[in-house]
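Have a look at the structure below, then the notes.
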Amino acid sequence: MSLMDFDPVVVENLDKLTEFRRDLHAYPELLYDLPRTSSRVAEALRRIGCDEVVEGVGGTGIVATIRGATNSSGRSIGLRADMDALPVLETGDSAWKSRIAGRMHACGHDGHTTMLLGAAEALAKQRNFDGTVVLIFQPAEEGGAGARAMIEDGLFDRWPVDEVYAIHNRPGLAVGHFTIAPGPIMGSVDAIDIVLRGVGAHAAAPQDGVDPVPATAALIQAVQTIAARNIDPIDSAVVSITTIHGGDAFNVIPESIRLTGTVRTLRETVRNRIEKRLHELVEGISEAFGISGELKYTRSYPVTVNHPQETEYAAQAAETVAGPASVTRDMPPSLAGEDFAFMLAVKPGALINIGNGPSAGLHHPAYDFADEALGWGSTFWCNLVRQRLPLSASSGEAVQP
């Protein structure tokens, strides 16, 4: 596919979109604290000519609407992009490298936002669809559950949609390619926080205390058996202890040790089983070693589950952009998390991956979004809208999708 096959308005704006994406990249903001990012997005949406632009949804989220030439079907489609960056120190050397130390767009949300803006301008200018497009620009995807915050703030009550979709870039997949699959595609994201409390003592007199260190070692070993011995081998699960904090001196038995980590699964039943087993291990090992143990288990993001029919709709729209040979429907699942899961839990829809070429991996300090993907993603959005909210070619009336 050449540039001539992209939406003509998208082609006209490619240089402008690239400039916008690079500006977002240079000034990354975190979680809900997005004053510059959300202001720039809202300003762009108003300039484009959206029918409605509402700021402050779920904190710093933005919702905009574009009405088609007709609305005989009464249908609407939601398109979501995330806006926040990560607390990562960028190591790249581009002219648009992050100007804020310790922050960078290491997951491509600058690209996701820009692709949706590119589609918004084309859709607002042409209006060649029947129904309403709801544009959802979400804060706090990176651990802040911004999708849930927007839903709790009435997102789908105030702007009802029949379907909702999202794009994420995928490093290692060629630019101009798409991949998707039905069912569970990304893992649940849970946090574990364990405190083991003993009795401190001089390290030369361990009999005067109750040492939590051996209990910690035993617990770490036992936790590694959960996925191997308590979960069906056909199922996917990861239980990782990632931090250990305890003690201040080489010759003092610490009073307590704190461990934190994460649990990832692709099924709610597996998630429930792991949480139960962790409680059993913390309680049992604590009792065996004569200490006290406490587990705080926090459920963050649910499993991201693509709905089968909407997955096929997204794949078909991708084929109109890239051609059938450049679209796969067997995307392997990942145990990374995605808070678009909250939206898919209440509305039918799907998340599709778009190629980012041979870039560094997501969340890597050398990562950058491939500007070459902007035209592909923006045109995909346009084609999806026109396929799901079609006008009759002869009469201009809507046809049932």
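Since every read-out is calculated from the coordinates, none of them should be taken as a lab result. Since the model is a prediction, treat every value here as computed from it, not as a measurement. Because the Cβ atoms are built from the backbone with ideal geometry, glycine has one as well, and the counts that use them run over all protein chains shown.
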Can you report the principal axis dimensions of region 189-301 using only the alpha carbons, biggest first, rounded to whole angstrom?
48, 23, 17
Using alpha-carbon pairs under 8 Å, 6+ residues apart, how would you state the relative contact order of region 206-271 in percent?
33 percent
Can you list the lysines whose alpha carbon sits under 23 Å from that of residue 97, skipping same-chain ones fewer than 8 residues off?
16
Sequence-distant residues sharing a close amide H with residue 331 (under 5 Å, placed H)
180, 181
Please enumerate, by chain and number, the lysines with C-alpha under 17 Å from the C-alpha of residue 276, excluding those fewer than 8 residues away in the same chain.
296
With a bin width of 10 angstrom, please list the P(r) values of the chain as percents of all Cα-Cα pairs, from the 0 bin to the one holding the largest distance.
5, 21, 28, 21, 13, 7, 3, 1, 0, 0
Peptide ranges 67-73, 126-132, 230-236 listed from the most packed, as the mean C-beta count within 10 angstrom indicates:
126-132, 67-73, 230-236
Helical mean residue ellipticity (222 nm; -39500 (n - 2.57) per DSSP H run of 4+; nearest 500) of the chain
-10000 deg cm²/dmol
Under a 5 Å amide H to amide H cut-off, with H placed in plane at 1.01 Å, what residues pair with residue 186 once short-range neighbours are removed?
304, 334
Show me 380-387, 108-115 ranked by packing, highest mean number of other Cβ atoms within 10 Å first.
108-115, 380-387
Cα centroids of region 262-292 and region 1-56: how far apart, whole angstrom?
44 Å
Arranged from highest to lowest average of other beta-carbon atoms within 10 Å per residue, in what order do the peptides 251-260, 19-28, 347-356 appear?
347-356, 19-28, 251-260
If you take the square roots of the eigenvalues of the alpha-carbon gyration tensor of region 1-88 and sort them as a ≥ b ≥ c, do you get rounded (a/c under 1.5), prolate (a/b over b/c) or oblate?
oblate
In percent, how large is the relative contact order of the chain, given Cα pairs closer than 8 Å and 6 or more residues apart?
24 percent
Report the relative contact order of region 44-195, percent, no decimals, based on alpha-carbon pairs under 8 angstrom and at least 6 residues apart.
33 percent
Under 28 Å from the Cα of residue 347 - lysines, other chains or at least 8 residues apart:
125
Where does helix 14-26 land angle-wise versus the long Cα axis of the chain, in degrees 0 to 90, nearest 10?
20 degrees
Between 0 and 90°, nearest 10: helix 109-126 axis offset from the chain longest Cα axis
20 degrees
